[in-house]
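Before any comments, here is the structure.
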Amino acid sequence: MSIPKKPMNIPKTPRTLTKNASTVPKTDGTSIADEKPTLLLVDDDVDFLSVLAPAMTKRGFLVTTATSAESAFAIAQQETPEYALVDLKMAGNSGLVLVRQLSSLQAGTHIVVLTGFASITTAIEAIKLGATHYLAKPVDADEIVAAFGKKTGNSEVELAVNPLSIDRLEWEHIQRVLTEHDGNISATARSLNMHRRTLQRKLGKNPIKD
């Protein structure tokens with residue numbers, strides 16, 4: 001993952017998260033508050049974490065990493081992070097489960113969910129469960145910092161003109177049913193009246209881009 005050389009501007013007044021929480025750090029490596037804000041990075045891609053963790057440290061965060069939702073929740077129970085970046089698709093519990101758990105520990109935690117398989121359904125569910133923003137891979141450190149600083153949506157975003165393709169609609173439907181069954185592939189396959197291996201093949205493919 002490449003990290004841009006030039007830092008981007010961060011909103012001057014991001015929302016604080018806890019009583020003594022510090023705000024989003026400046027991209028020059030200095031923190032707006034006295035203490036560095038805590039950041040939990042959760043992704044089963046070890047290489048991605050090895051690049052992102054030092055990049056976020058340089059941007060003023062106190063970084064902790066985890067490679068599964070289960071280990072991330074155990075860490076959060078010891079000390080609730082002010083910020084969290086959560087990959088949605090991991091072995092074991094999904095990122096959606098972790099988003100719900102982190103929100104239950106501290107409703108003010110800024111959670112950005114990250115995935116290589118962008119889906120309308122998973123994005124909506126992540127927001128419902130407590131995430132504050134949603135990013136599709138590949139992303140860089142500055143995009144993540146900017147996402148942490150966002151408090152509202154963008155009313156100027158360009159609206160799609162063309163309807164979704166049949167393949168994309170099928171992908172979205174599968175994602176919705178999978179979410180309804182808490183990521184259980186066997187239960188989802190039964191609900192869709194689809195062979196489990198067929199469903200796994202479909203889930204293993206990138207969604208069709210429209």
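The values are calculated or read from the model by the stated rules, or taken from the named source; none is laboratory data. Values in this document were obtained by computation on a predicted structure and should not be read as measured data. Heads up, the Cβs are rebuilt from the backbone with ideal geometry, glycines too, and the neighbour counts pull from every protein chain shown.
Filter region 56-74 for residues that are surrounded by fewer than 18 Cβ atoms within 10 Å (Cβ to Cβ), part of a helix (DSSP H, G or I) and within 17 Å of the chain's Cα centre (by Cα) and give the result. Across region 56-74, the qualifying residues are 70, 71.
Among all positions in region 54-69, there is at least one residue which is at pLDDT 90 or above and either more than 21 Å from residue 140 (Cβ to Cβ) or assigned by TED's automatic domain parsing to the domain that holds residue 172 (or both). Would you confirm whether or not region 83-91 contains a residue that is crowded, with 22+ Cβ neighbours inside 10 Å and assigned to a helix (DSSP H, G or I)? No, every residue in region 83-91 fails to be crowded, with 22+ Cβ neighbours inside 10 Å and assigned to a helix (DSSP H, G or I). The residue that is farthest from the chain's Cα centre (by Cα), among those in region 34-50 that are surrounded by 15 or more Cβ atoms within 10 Å (Cβ to Cβ) and either among the β-branched types (Val, Ile, Thr) or in a loop (DSSP other than H, G, I, E, B) (or both), is 36.
Residue 80 passes every criterion in (1) in a loop (DSSP other than H, G, I, E, B); (2) surrounded by fewer than 17 Cβ atoms within 10 Å (Cβ to Cβ); (3) modelled with pLDDT of 90 or more; (4) among the polar types (S, T, N, Q) apart from (2).
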